[in-house]
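These notes are about the structure you will find just below.
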Amino acid sequence: MKYAESQGVGNSFHEAVLKAYWMEAQPIDDLDVLTGIAVSAGLAADDFRAALTDPDFVEAVDNDIAQAAAYGLQGVPALIFDEKYLVPGAVPYDTLVQVVEEVKRKG
């Protein structure tokens with residue numbers, strides 16, 4: 001994801017990975033599957049594979065993992081609002097609206 005973001009296709013890569021996993025039951029932990037998804041999002045296969053072991057991208061991912069742990073995240077989905085309000089799990093839309101309104105109010 002970090003490499004895709006650096007190439008300007010982070011959102012399309014992210015959406016393609018989600019679709020592959022949740023809608024198509026593809027094994028996104030398979031390097032060939034993940035590379036195919038990357039290519040479909042507009043990334044060059046060899047560059048994508050090289051980025052997976054690039055120390056800068058590995059460090060960026062490790063930092064995201066550390067931040068998630070600091071927030072207390074233990075699963076997905078999880079949403080964080082205003083860098084301090086955690087909504088874990090799948091919640092109804094109305095709940096998200098209430099959270100946003102509360103964040104605005106405390107703003």
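The values are calculated or read from the model by the stated rules, or taken from the named source; none is laboratory data. None of the values given here were measured: they were computed from a predicted structure. So basically every Cβ, Gly included, is an ideal-geometry build from the backbone, and we count neighbours across all protein chains shown.
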(Q) For the structure I just gave you, tell me whether Q26 is without any contact (Cβ under 8 Å) to a residue 12 or more places away in the chain and among the polar types (S, T, N, Q). (A) yes
Q: Would you be able to tell me the number of residues in segment 1-21 that are free of Cβ contacts under 8 Å to residues at least 40 places away in the same chain and among the basic types (K, R)?
A: 1
Q | Filtered residues of segment 1-31 (kept if assigned to a loop (DSSP other than H, G, I, E, B), farther than 26 Å from D56 by Cβ and not acidic (D, E)) | A | A25, Q26, P27
(Q) Restricting to segment 34-75, name every residue that is touching a helix residue (DSSP H, G or I) at 6+ places or on another chain (Cβ under 7 Å), free of Cβ contacts under 8 Å to residues at least 40 places away in the same chain and assigned to a helix (DSSP H, G or I). (A) T35, I37, A38, V39, S40, A45, R49
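Let's see how each residue does on (1) modelled with pLDDT of 90 or more; (2) β-branched (V, I, T):
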site: F48; (1), (2): yes, no
site: D54; (1), (2): yes, no
site: P88; (1), (2): no, no
site: T95; (1), (2): yes, yes
Q: Give F48, F57 a once-over and let me know the one that is in contact with a Phe, Trp or Tyr (Cβ under 6 Å, 6 or more places away or on another chain) and either closer than 16 Å to M1 by Cα or loosely packed, with under 10 Cβ neighbours inside 10 Å (or both).
A: F57
(Q) Restricting to segment 91-107, name every residue that is exposed (fewer than 10 other Cβ atoms within 10 Å of the Cβ) and either touching a helix residue (DSSP H, G or I) at 6+ places or on another chain (Cβ under 7 Å) or not in a helix (DSSP H, G or I) (or both). (A) P92, G107
